[in-house]
Amino acid sequence: MNVGIIYGWSEGRWQGKLLRKELHKQGFSITSDLDSADILIAHSGGCYLLPENGKANLIMLIGIPWHPTEHPIKGLAKKVRHEVKDLWWYKKTFYNTWYLLTRPLRWVRMYRAWKSKKLPQTSNSVMVAVRNENDHFMHPVESAALATKRGWEMESLTGQHDDLWINPKPYVELVKTYLKDK
């Protein structure tokens with residue numbers, strides 16, 4: 001099965017290297033053609049950039065910026081305070097800055113989609129929203145209400161907002177669980 005990865009705001013291939021490695025290890029192929037992917041994994045602001053005509057059977061939305069009382073800038077400040085003690089944070093910040101500066105049109109598109117709350121309704125795909133326990137961007141109660149309203153499945157995992165990039169195995173296992181259920 002082909003997996004398409006939709007990176008979040010100022011993210012890219014560097015952040016996803018461990019996820020891609022784990023997906024390959026578990027027998028999945030990676031595709032950059034999001035319209036033809038069997039599975040889509042979208043992280044953070046990437047949840048707002050799903051393809052219009054995709055054929056994915058499973059779409060996993062991880063860390064959706066959905067917090068009705070806080071702007072994402074506040075979530076970012078909390079996230080940075082939480083992460084700055086990790087050595088990985090310094091290297092990640094370099095790449096975040098690189099992606100931010102080299103792909104401004106992408107983050108403008110993402111911002112506009114976030115502002116207009118452009119998230120998918122239930123489709124022919126199984127939709128799964130995943131919230132990490134320490135995710136400052138995704139409100140715990142409001143995101144569950146969003147998932148219910150949209151007809152999505154809702155899952156909770158340990159970790160923080162960017163846990164997918166440093167600990168991908170639980171996410172790949174979750175993908176496999178939903179594939180078994182189909």
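Annotations
- Checked against (1) at pLDDT below 85; (2) touching a Ser or Thr at 6+ places or on another chain (Cβ under 9 Å), E142 passes all but a single condition, namely (1).
- Scanning the range 1-44 for residues that are under 12 Å from P168 (Cβ atoms) and assigned to a loop (DSSP other than H, G, I, E, B) gives Q15, G16, Q26, F28.
- Taken together, A37, A42 contain a single residue that is farther than 16 Å from L164 by Cβ and crowded, with 22+ Cβ neighbours inside 10 Å, which is A37.
- Residues being closer than 23 Å to W114 by Cβ, touching a Lys or Arg at 6+ places or on another chain (Cβ under 8 Å) and touching a residue at least 40 places away in the same chain (Cβ under 8 Å) - total across the range 15-57: 3
- All positions within the range 46-91 that are assigned to a loop (DSSP other than H, G, I, E, B), of a type in the set (V, I, T) and either touching a Gly at 6+ places or on another chain (Cβ under 8 Å) or modelled with pLDDT under 90 (or both): T69, V84
The values are calculated or read from the model by the stated rules, or taken from the named source; none is laboratory data. Remember, predicted model here, so these are calculated numbers, not experimental data. Glycine gets a Cβ as well: all are built from the backbone with ideal geometry, and neighbour counts include every protein chain shown.
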